[in-house]
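The values are calculated or read from the model by the stated rules, or taken from the named source; none is laboratory data. What you see is a predicted model; the values in this text were computed from it and never measured. Backbone-built Cβ (ideal geometry, glycine too); neighbour counts: all protein chains shown.
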Amino acid sequence: MKISILILSVFLTISSNCSAGPELDPKHTDFLAGLSSLEKESKADKLWPGYRLLSDPVLIYFEEDGQSVLVGHPKPPEGFSRIQAAGLNAYHSVSFPRQINTRFFTGYRVNGVPTNIFILPPAYSKAGQLAFIAHEVFHTYQNINFKLAAKRCAAGEEALALMFIENYLAAKMALFPKDESLVGDFLAIRKQKYALAPDCKKEDSLELGEGTANYVELKSYGADLPQPGIASDSVVQILAYGFDPDGSRFARSYGIGAVHCFVLDRLYPGWYKEAEEGSAPWELLAKTIKHVPTDLPALCKKYDFKRFLAHARGYLKAAALEKEVLLKEIESYGGYKLRFRPATAKMPLSYTATNTRYVVGYTVSDLEVATSLDTCYKILAEKIRMVLTGKEAVFHLGQSAPEIKTDSRVISGNREYSGRAKDFEITGKNFSLKVSCAAELSIKGREIFLEISKDVR
């Protein structure tokens, strides 16, 4: 998933306005024709065997004029009228509200049916938006058919330098996909990286999830192998992420994983099934490439390891300084804070942010929306700063005392309190939070502590 990634809490208020409105814009009809064509490509297994673009309904909201088209839905909400468009089972609305705080939301239930929703901005690129839809809908296919597991890792300066070399080699592989020596060099470098940082094998499995989705996205342009323009875009993407010492390292998986997929198309027919069973593209390449260099000193000299090591040292030093500044910033904040601590010590939050920084174990986001996917509780936050440490989320609530409600009883946010509640709500000028199961609450000074009760999880 891109940026991502990221699932938002969405409230779609279904309009009951059934009055006739403007006809569907011809430009929108043209986009639906492209969607229909891409669906035919997926049915012909040209994107990924078994993947069907329109296996779930798709709702397209055209931001330019507020028109919406719902495709393939068995029971459209009120306000949608049947239309003929590119041979699709489609419905049109001019009154469906734009209440999605992001570009997309996959798997949202519209009239009880999981629906993939996409917001198309004004002056959008038809090819770009279709490719984006192909990518994000493929993640819903992965959720059912793939075995995915990924984890961020902490790499020292030498392992990080080897990551930089991997990025360089992947960029060259995009430009020269038939040069198998590049693949062998890549595999040798990766093997050494794992010897230095074994946990990074879990991080590199992101190349399976995002790499295959990016591969599907690029193939939606009609590429069987990276065409010049597409290869160039991949190279730019890989190199842009190539020297980030911490959080953005995982994002290079989009480019590196996709490049590996294109190479596999040529070297290992039928690799798709093994990928669905959990084998990352690089692992399948390792089964295919017989000539992997073993002279590591010569390989390091060939790719100027010392230069990349100097980069790694510099960026790790910068990350340490940034963490120091960040901690001072967090501790010096003078407003109200909410510390949210699940009893499991896990923080399964998904969120979309206008700005996000990753600094050695901390994530700081200026949020649009955050939501928990846990069945026990739900957390919503809008236009607010959140700090994630892995064990808790700290929300900066502003200078004014928030309104707190437990079991429908209002508690003043500016006095000390401790208690237990089955339901918990907190609201302020720019945010809201609701917990739907028992929680322990305490308020002291300007800090509010909330922990989901252990006995209900």
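Scanning segment 143-178 for residues that are in contact with an Asp or Glu (Cβ under 8 Å, 6 or more places away or on another chain) and either of a type in the set (Ser, Thr, Tyr) or modelled with pLDDT of 85 or more (or both) returns Asn145, Phe146, Lys147, Leu169, Lys172, Met173.
A quick yes/no check of all residues on (1) outside any loop (DSSP other than H, G, I, E, B); (2) under 13 Å from Ile448 (Cβ atoms); (3) of a type outside the set (D, E, K, R); (4) modelled with pLDDT of 80 or more:
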| position | (1), (2), (3), (4) |
| --- | --- |
| Thr371 | yes, no, yes, no |
| Cys376 | no, no, yes, no |
| Val387 | yes, no, yes, yes |
| His396 | yes, yes, yes, yes |
| Ile404 | yes, yes, yes, yes |
| Val410 | yes, no, yes, yes |
| Glu425 | yes, yes, no, yes |
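Selection of segment 179-202 for residues being within 21 Å of Val359 (Cβ to Cβ) and either touching an Asp or Glu at 6+ places or on another chain (Cβ under 9 Å) or part of a helix (DSSP H, G or I) (or both) yields Ala197, Cys200, Lys202. Those residues that are under 16 Å from Asp45 (Cα atoms) and touching a Leu at 6+ places or on another chain (Cβ under 6 Å), I need them from segment 258-280; list them, please. Residues satisfying the conditions are Phe262, Trp271. Can you find even one residue in segment 317-335 that is closer than 20 Å to Ile384 by Cα, at pLDDT 85 or above, surrounded by 17 or more Cβ atoms within 10 Å (Cβ to Cβ) and not hydrophobic (A, V, I, L, M, F, W, C)? No: segment 317-335 contains no residue that is closer than 20 Å to Ile384 by Cα, at pLDDT 85 or above, surrounded by 17 or more Cβ atoms within 10 Å (Cβ to Cβ) and not hydrophobic (A, V, I, L, M, F, W, C). Only one entry in Glu277, Glu283 is buried (at least 17 other Cβ atoms within 10 Å of the Cβ), acidic (Asp, Glu) and at pLDDT 90 or above, namely Glu283.
Lys178 satisfies every condition listed in (1) buried (at least 19 other Cβ atoms within 10 Å of the Cβ); (2) over 14 Å from Asp304 (Cα atoms); (3) over 25 Å from the mean Cα position of the chain (by Cα) except (1).
When restricted to residues that are without any contact (Cβ under 8 Å) to a residue 40 or more places away in the chain and β-branched (Val, Ile, Thr), segment 151-209 contains 0. Among residues of segment 42-54 that are surrounded by 15 or more Cβ atoms within 10 Å (Cβ to Cβ), those with a beta-carbon under 6 Å from a residue that is part of a loop (DSSP other than H, G, I, E, B) and of a type in the set (D, E, K, R) at least six positions away or on a different chain give the pairs Ser42/Arg52. Taken over segment 165-220, the criterion of being aliphatic (A, V, I, L, M) and out of contact with any helix residue (DSSP H, G or I) (no Cβ under 7 Å at 6 or more places or on another chain) is satisfied by Ala195 alone. Residue-level analysis places Val359 outside the set of residues that are closer than 18 Å to Arg341 by Cβ, in the same structural domain as Lys429 (by TED's automatic domain parsing) and modelled with pLDDT of 70 or more.
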